[in-house]
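The values are calculated or read from the model by the stated rules, or taken from the named source; none is laboratory data. On a predicted model such as this, the values are computed, not experimentally measured, just so you know. When we count neighbours, we look across all protein chains shown, and the Cβ atoms used for this are built from the backbone with ideal geometry, even at glycine.
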């Protein structure tokens, strides 16, 4: 029991910021990202896992973050059609403390469908290969290539040409 607690403590202290950054790129909101990381930690460590090491624990938590994000996206989609019947739409807070480029990228990521967004984040933030992304998402390599191609083209349409994106897409299409 103490061994797992040590793993959780070490993971949070050494990789907590990176996990929150990963979640932020998926959901686009600091508070939601922190909640996503916390939920993923609970989901990962709620059951006792014998012999879990810090190296593998981060992978489990990142997978849980991705799964929780995609599941939450589906739930929010169902709720969005009914939300107007219950509450008023929230007002958007201004991003005064962020740089313009950062805000533009996050806004463009928000406009991508969840599968495209997950592929773009996993490819360009996590630096995973097409095969690794396919394994993470449980889809074929061809689907990942399609999602990446559509996601990058959509991002370029929203942001303008992205440096090295064409080279990355060539590598993706050849893989």
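Name the one entry in 131, 57 that is within 30 Å of residue 7 (Cβ to Cβ), assigned to a helix (DSSP H, G or I) and modelled with pLDDT of 90 or more. Please lay out each step first, then the result.
Numbers: 57 fails: modelled with pLDDT of 90 or more.
Answer to the selection: 131.
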Tell me which residues, restricted to segment 104-156, are free of Cβ contacts under 8 Å to residues at least 12 places away in the same chain, surrounded by 14 or more Cβ atoms within 10 Å (Cβ to Cβ) and either in the same structural domain as residue 21 (by TED's automatic domain parsing) or under 27 Å from residue 30 (Cβ atoms) (or both). 128, 132, 156
Conditions (1) closer than 30 Å to residue 146 by Cα; (2) at pLDDT 65 or above; (3) in contact with a helix residue (DSSP H, G or I) (Cβ under 8 Å, 6 or more places away or on another chain); number of the one not met by residue 16: (1)
Residue identified as in a helix (DSSP H, G or I), within 20 Å of residue 135 (Cβ to Cβ) and modelled with pLDDT of 85 or more among 36, 109, 41, 70: 70
